[in-house]
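Note sheet for the following structure.
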Amino acid sequence: MKVLVLNCGSSSLKYKLYDDGAEQRAGLVERIPDGGHEQALQGVLDELSDQTIDAVGHRVVHGGARFADAARIDDAVRADIEACIALAPLHNPANLAGIDAAMARLPDVPHVAVFDTAFHARLPRRARSYGIDPTLADKHHIRRYGFHGPSHAFVAQRAAEQLGRPLEELRLITCHLGNGASVCAVECGRSVETSMGMTPLEGLVMGTRSGDIDAGALIALLKSGAMTVDELDHTLNKQSGLKGLSGISNDVRDIEKAAAEGDERARLAIAVFTHRLRKYIGAYAAVMGGVDAVIMTGGIGQNSATMRRRALQRFEYLGLLIDEEKNAGAQARHDRTPVVDISEDHSRVRSLVIATDEERMIADETRRVAGGGAEVQSEMPIPIAVSARHIHLTREAMDALFGPGSELTSYRPLSQPGQFACHERLNIVGPRGRIDGVRILGPLRPACQVEISRTDEFHLGVDAPVRHSGDVKGTAPIILEGPKGTLHLQEGLICAWRHIHMHPDDAARYGVKDRDEVMVEIRGGDRDLIFADVVVRVSPKYALEMHIDTDEANAAELPPKSEGSLVGVEGRQAVLLKRKAWPQPAGE
Ligand code: ADP
């Protein structure tokens, strides 16, 4: 499949042509006048006239709250991209001009929009909300969206390959440092925090953008009449950042040279840039409760050993040690050395320099979405079970809480083969409150796990991460009280990710696999409801059943014995998105 990737800026057009995975042609048209995108594109297509193009992938900067994934472009999708112009007045009009021109010239092939914001579309509520009245925020679409999605997603995947571990079990901090710059916390393959916000102006110091600045300073500038709104816009977006600080250039090479020659403002620019970056890296390690690797990418991250060293030094306390020699020589290039590990051999946290390739990611996404596969292959209904709060124990915990050698006794079997609810119960104790008599589920397991709902969380006064059952590493601490003792668990407290247990035969029938994320429409309540982010767990031990927690069941007003149907697989839901808005994410 030949995919043409188009990245239309306000006055430029970048393109790359891929044949399956391989890059075949690339080019750049610059200084395109207003309204000249169609002509520029015609030039590109003339150049590619010897090629058969099967699909076109378009980079679109802002997908608003509407797009959580790439989408095949039709009239409705185009209208939604247009509606996002208010959020990205500099970018989306140019992206749309490219889409219109390309669709007019290549009307018979699928066109796919790949959004910068999509990777962050399901940022947890706590990370995407600003500290203002949510009604005001909703009214004006003020929330954090995040950008550079294809780059963060691309390097996160590359990092997982390099580390030889599944992305689903890694905590990564990806630093995209180009002219625009942003950091992202990628936990279990999802963006859970990112430094750019409602617009690409928030966060790191960038080539010409200020990044974080006290909103009060802007109010003061406007109130005093020092600047008009447009002047302020221009100052913060075009005359600030490395360029504004140094007074020399937005290019790190020029600034490093001047700093070495003694220029004070160049030194200030480097110090502020790297200090801000360090601050975000430390913060994101805190957000995820640890980090497995930090990734440096973009023109600065891939090339500047100085900036990398300043940003990554003195992280020994996190277990991150840079090898000075490896760092000094490292330059990542996708045609030569796409990944360089600059960590000391015994460093627990790896530091990787990775060549980003946003166009390749856009091509991959385009191939996936254009290739279809949106339909779920079976309408077989899924029984829904409401999973009450419960506890799983290890042998050691059992001994500590019920006395050495004590055993669990079955009160009734559960629908999952081999599992049973026990007569034994425990009290859960938090700093604010306690919940007594919580049932233990058997059999004993290799790790303790305490599953509660959001309501329980606020009652106890604790903060439990949303996790898959079994993934307890780095989760929250909690106290358990039993008849023979009290146990302070260092980790194990979770709000369980909603999930579907499936036998491999069922998975084959639906056309899904283990850890796919799906959407389930639930009927039977007062209103139909779609749950997104439902994780599929496949095992020969499992019987078909979806588990949701009591809060979710209450919110959906579920009657007993409800059923759901699988209506979309994440990453393949373009069809569904056309008819429904994106449902609520699972995370807080
Ligand atoms: P964009 O965000 O426009 O795609 P890039 O990711 O290509 O930008 O990054 C461009 C920036 O990378 C330059 O402005 C410069 O600051 C930095 N850069 C590129 N090459 C080097 C290098 N060899 N040493 C230091 N910095 C570099």
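The values are calculated or read from the model by the stated rules, or taken from the named source; none is laboratory data. This structure is a prediction, so every number in the text was calculated from the model and none was measured. Every residue, glycine among them, receives a Cβ derived from its backbone with ideal geometry; neighbour counts consider all protein chains shown.
Observations on the structure shown:
- Here the condition is being within 14 Å of the ligand (Cβ to nearest atom) and over 18 Å from the mean Cα position of the chain (by Cα); of 314, 308, 278, it holds for 308 alone.
- The requirement of being within 14 Å of residue 397 (Cα to Cα), at pLDDT 95 or above and not polar (S, T, N, Q) is fulfilled nowhere in region 454-463; no residue meets it.
- Residues (surrounded by fewer than 20 Cβ atoms within 10 Å (Cβ to Cβ), within 15 Å of residue 300 (Cβ to Cβ) and away from the ligand (no atom under 11 Å from the Cβ)) located in region 249-274: 271, 272
- Residues of region 59-86 that are of a type in the set (Gly, Ala, Ser), surrounded by fewer than 18 Cβ atoms within 10 Å (Cβ to Cβ) and more than 22 Å from residue 107 (Cα to Cα): 65, 83, 86.
- You will find that of 320, 312, the residue that is free of Cβ contacts under 8 Å to residues at least 40 places away in the same chain, touching a helix residue (DSSP H, G or I) at 6+ places or on another chain (Cβ under 9 Å), more than 26 Å from residue 245 (Cβ to Cβ) and buried (at least 21 other Cβ atoms within 10 Å of the Cβ) is 320 and no other.
- Residue 329 within 14 Å of the ligand (Cβ to nearest atom) and surrounded by fewer than 17 Cβ atoms within 10 Å (Cβ to Cβ): yes
- Filtering region 42-65 to residues that are hydrophobic (A, V, I, L, M, F, W, C) and under 32 Å from the mean Cα position of the chain (by Cα) leaves 53, 55, 56, 60, 61, 65.
- Of the set (1) in a loop (DSSP other than H, G, I, E, B); (2) within 16 Å of the ligand (Cβ to nearest atom), all apply to residue 243 but (1).
- Single residue of 347, 378 found to be in contact with a Phe, Trp or Tyr (Cβ under 9 Å, 6 or more places away or on another chain) and either without any contact (Cβ under 8 Å) to a residue 12 or more places away in the chain or assigned to a loop (DSSP other than H, G, I, E, B) (or both): 378
- Highlighted here are the helices (runs of 4 or more DSSP H) found entirely within region 72-141 that include at least 2 residues which are under 25 Å from residue 215 (Cα atoms): 125-128, 134-139.
- Residues that are modelled with pLDDT of 55 or more, crowded, with 20+ Cβ neighbours inside 10 Å and among the small types (Gly, Ala, Ser), drawn from region 543-588: 553, 556, 562, 564, 568
- The sole residue among 143, 105, 165, 209 that is more than 15 Å from the chain's Cα centre (by Cα), among the charged types (D, E, K, R) and within 16 Å of the ligand (Cβ to nearest atom) is 209.
- Residue in region 344-353 that is over 29 Å from residue 59 (Cβ atoms) and within 12 Å of the ligand (Cβ to nearest atom) present: no
- Only one of the listed residues (295, 322, 300) is in contact with a Ser or Thr (Cβ under 9 Å, 6 or more places away or on another chain), within 16 Å of the ligand (Cβ to nearest atom) and at pLDDT 95 or above. That residue is 295.
Residue-wise test of (1) farther than 16 Å from residue 302 by Cβ; (2) within 16 Å of the ligand (Cβ to nearest atom); (3) not hydroxyl-bearing (Ser, Thr, Tyr).
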{"position": "156", "(1), (2), (3)": "no, no, yes"}
{"position": "159", "(1), (2), (3)": "no, no, yes"}
{"position": "170", "(1), (2), (3)": "yes, no, yes"}
{"position": "175", "(1), (2), (3)": "no, yes, yes"}
{"position": "178", "(1), (2), (3)": "no, yes, yes"}
{"position": "184", "(1), (2), (3)": "yes, yes, yes"}
{"position": "187", "(1), (2), (3)": "yes, no, yes"}
{"position": "191", "(1), (2), (3)": "yes, no, no"}
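- Every pair of residues 6+ apart whose Cβ atoms lie under 9 Å, when the first sits in region 165-187 and is part of a strand (DSSP E or B) while the second is modelled with pLDDT under 95 and among the acidic types (Asp, Glu): 171/187; 172/187
- Residue ID - nearest to residue 292 (Cα to Cα), chosen from residues in region 127-152 that are crowded, with 24+ Cβ neighbours inside 10 Å and touching a Ser or Thr at 6+ places or on another chain (Cβ under 8 Å): 152
- Considering the conditions (1) of a type in the set (Lys, Arg); (2) in a helix (DSSP H, G or I); (3) more than 30 Å from residue 161 (Cβ to Cβ), residue 209 is excluded by exactly one of them, (2).
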